[in-house]
Amino acid sequence: MGSKHGDVGEKDIEVAQGQTTIVVNEQEVEKIYHHKLEADDALDFFRAHGITEVSPEDDKRILRKIDMFLMPLMLVTNTLNFLDKNALSNSVNFGLKEDNHITSSQYSWASGSIFYLTYMVSQPLVSRCLQWFPVGKLLSVSVILWGAVLMTTAATRSFASLMSVRAILGVFESVINPTLMLMTSQWYKRSEQPERVGWWFMGNALGQVLGGIIGYGVGNIDGGLDVGNWIWYFIIFGAFTILYGVFLLFFIPDSPMTARWLSDRDRALALARIRLNRTGIMNRKFKWYQVKEAMLDPQTWMLVVIQFLTNIPSGGVASYGTQVIKGFGYSAIKTTLLQMPLGVIQGVTILAGGIFTKYYKNGRWIVMAVTQIPALVGAVLLYVLPSEQQNSRLAAYYVIQTHSIVSIMEYSMVTANIAGTTKKTTATAMIFVAFCVGQVAAPQLFVSAEAPRYPTAFKAAFSCFALLIVIPPAYAYYMWWENKKRDDKYGKVDQDAPQSAADDGAQPDEFFDLTDREQKEKFRYVY
């Protein structure tokens, strides 16, 4: 071994692990796994530094450092991502449709459909870029480019120009969530991932609140221009995004092996912390067998279905939320302010879900299913309550926001349960294609002739919420069944238990870039 990509050479390899010299026999590995060993980039790092046992004190210290440095960057990135994606929805109440001379049907295409079509088409390329380029640099450049494109939205004055800008914006923003998911799997233990995904996903909640505050300020700007105040959303958000992207370029690490804010020893400890995830750090070799495995794995398709069902109601709220509230009879400025409690409810739901999964290992599916019950009740009430009951309908609208935690739990299942770099990036691409299909379809369900009740959109939401109460338990049962088969054949494994030197195997196969199905003896799923 010794190449940049972690390929193993013809000779046996000695890997220093603590005080133990471990021999990796290439022929034996090929015999077991039926393919040439092309190891994770992290294996080279372990050869140079040794794999050390992590004490509880070091474990807490390293985790604290990672949280203090990495989490704020991920949170701000996702907050800007939410604000930028929803700038069009917020600005529609301040003259965007009139200045661009678009109808409600054309707004449906510009607000979500074209953006998510290009987002969807970009996913195969994003999947490859995650292996081609350093993750931190890829994220930073994408942020800079999307900020620049966002600013140009202020110059649009027609349906064609608005559609063109939104299409390009979808390409650059398609990088963000897959990158944040990959980074979560690189830095955190499986038991830590639901809470940390919740932390950076909190950017959606924060963005909802900040969007209302900024919207109120934008609504009160007296610029004396010939166009509405909507242009300030894109100028303000775009400029700040560009500046933040430049900052990110210098400060966000590409992997634990390159983090400048960790000492050399702490980098090795950061890798040792997540070693037992058995999902690796990065492998830049594209492996077709892992693509095939991702495509044929039932868990991948169950996650794809969950993502699609989640984004039918989510896409509707994102594109038409302000118009639904405005339909209650509120002014444009008050409508913008009334969006803010959505972020508060989402934030409380995320915190509660994170705490629950922190103490209940296999509680992800419970959080997913239970939070859909109030969402379903809220959607039904919003639809059936008479128009004159404004406050009751508004409260029902707010309750729907509990459903957004499904994405957090699902992302944490992807990071924890899908191993092998190519398989993980392929499955992530499939899931975000489903995300886009839902987001593309959702605005089209808001038929302008059906305003302000939109029965077609609400009936679709009822169905999605109901199915999301049923499918997560089915996913959990399938994962439990897979674990039981492995336990029956190989014996029980507590994959998240602290590792001692005595537990170290003869080979550091955690960094062989193997898939979860290739590690049946030692890999167990969480749900």
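The values are calculated or read from the model by the stated rules, or taken from the named source; none is laboratory data. In this text the structure is predicted, and so the values were computed from the model without any measurement. When we count neighbours, we look across all protein chains shown, and the Cβ atoms used for this are built from the backbone with ideal geometry, even at glycine. Side chains are part of the model used for accessible areas, which takes the heavy atoms of the whole protein and leaves out ligands, DNA and RNA. Shrake-Rupley method; radii C 1.70, N 1.55, O 1.52, S 1.80 Å.
Model label sites at Met340 and Ala239, defined 7 Å from Cα along the beta-carbon direction, differ in position by 2.3 nm. Taking the alpha-carbon distance from Lys484 and a cut-off under 21 Å, which lysines remain once sequence neighbours fewer than 8 residues away in the same chain are dropped? Within the straight-line limit of under 21 Å, Lys484 reaches these lysines: Lys361, Lys492, Lys520, Lys522. Taken one residue at a time, the phi angles of the range 83-92 give Karplus couplings (6.51, -1.76, 1.60, θ = phi - 60°) of 4, 5, 5, 9, 4, 5, 5, 5, 7, 5 Hz. Gly and Pro are set to x. Projected label points at Lys137 and Lys492, each 7 Å from Cα along the beta carbon direction, are separated by 4.8 nanometres.
Centre-to-centre, using Cα atoms only, the range 125-172 and the range 446-493 are separated by 31 Å. Bridgeable lysines around Lys97 (alpha carbons under 24 Å apart, same-chain partners fewer than 8 residues away excluded): Lys85, Lys326, Lys334. 3J(HN,Hα) along the range 443-448, derived from phi through the Karplus expression 6.51 cos²θ - 1.76 cosθ + 1.60 where θ = phi - 60°, amounts to x, 5, 7, 8, 6, 4 Hz, with x in place of Gly and Pro. The portion of the accessible surface of the chain made up by carbon and sulfur, rounded to a whole percent, is 65 (1.4 Å probe; DNA, RNA and ligands excluded). The Rg/Rh ratio of the range 195-289, with both radii computed over alpha carbons and Rh defined as the Kirkwood radius, is 1.17.
Using the Kirkwood formula over every pair of different C-alpha atoms, what hydrodynamic radius in Å results for the range 332-464?
16.7 Å
Taking the longest Cα principal axis of the chain as reference, the axis of helix 390-399 is set at about 10 degrees.
For the range 159-220, the Stokes-Einstein estimate of translational diffusion at 20 °C and a viscosity of 1.002 mPa s comes to 150 µm²/s, using the Kirkwood hydrodynamic radius over alpha-carbon pairs. Shape analysis of the range 400-452 based on the Cα gyration tensor places the equivalent ellipsoid semi-axes at 30, 15, 4 Å, largest first.
For the range 59-166, averaging the sequence separation of C-alpha pairs within contact (under 8 Å, six or more residues apart) and dividing by the residue count gives a relative contact order of 38 percent. Residue ranking by accessible heavy-atom surface, 1.4 Å probe, largest first, among Tyr107, Tyr527, Tyr477 comes out as Tyr477, Tyr527, Tyr107. Can you classify the range 37-136 as rounded, prolate or oblate using the Cα gyration tensor, where a ≥ b ≥ c are the square roots of its eigenvalues, rounded means a/c under 1.5, and otherwise it's prolate if a/b beats b/c and oblate if not? Taking the square roots of the gyration eigenvalues as a ≥ b ≥ c, the range 37-136 is oblate. Compute the angle between helix 455-490 and the longest alpha-carbon principal axis of the chain, please, reported from 0 to 90 degrees and rounded to the nearest 10. Tilt relative to the chain: about 10 degrees.
On the beta carbon distance between Ser164 and Ala449, with R0 = 22 Å, the FRET formula returns roughly 0.20. Angle, helix 405-417 long axis vs. longest principal axis of the chain, Cα atoms, 0 to 90°, nearest 10? For 405-417 against the chain, the angle is about 20 degrees.
Its DSSP H runs of at least 4 residues, each contributing -39,500 (n - 2.57), put the calculated 222 nm mean residue ellipticity of the chain at -22000 deg cm²/dmol, to the nearest 500.
What nm distance separates the two modelled labels at Ala395 and Lys60, each placed 7 Å from Cα along Cα→Cβ? Reported label-point gap for Ala395 and Lys60 is 4.3 nm. For the chain, the solvent-accessible area works out to 38 Å² per residue, with a probe of 1.4 Å and every protein chain left in place.
Note that the chain shows a convex hull volume over its alpha carbon atoms of 131 Å³ per residue.
Using Cα pairs under 8 angstrom and six or more residues apart, how large is the relative contact order of the chain, in percent? RCO, the chain: 24 percent.
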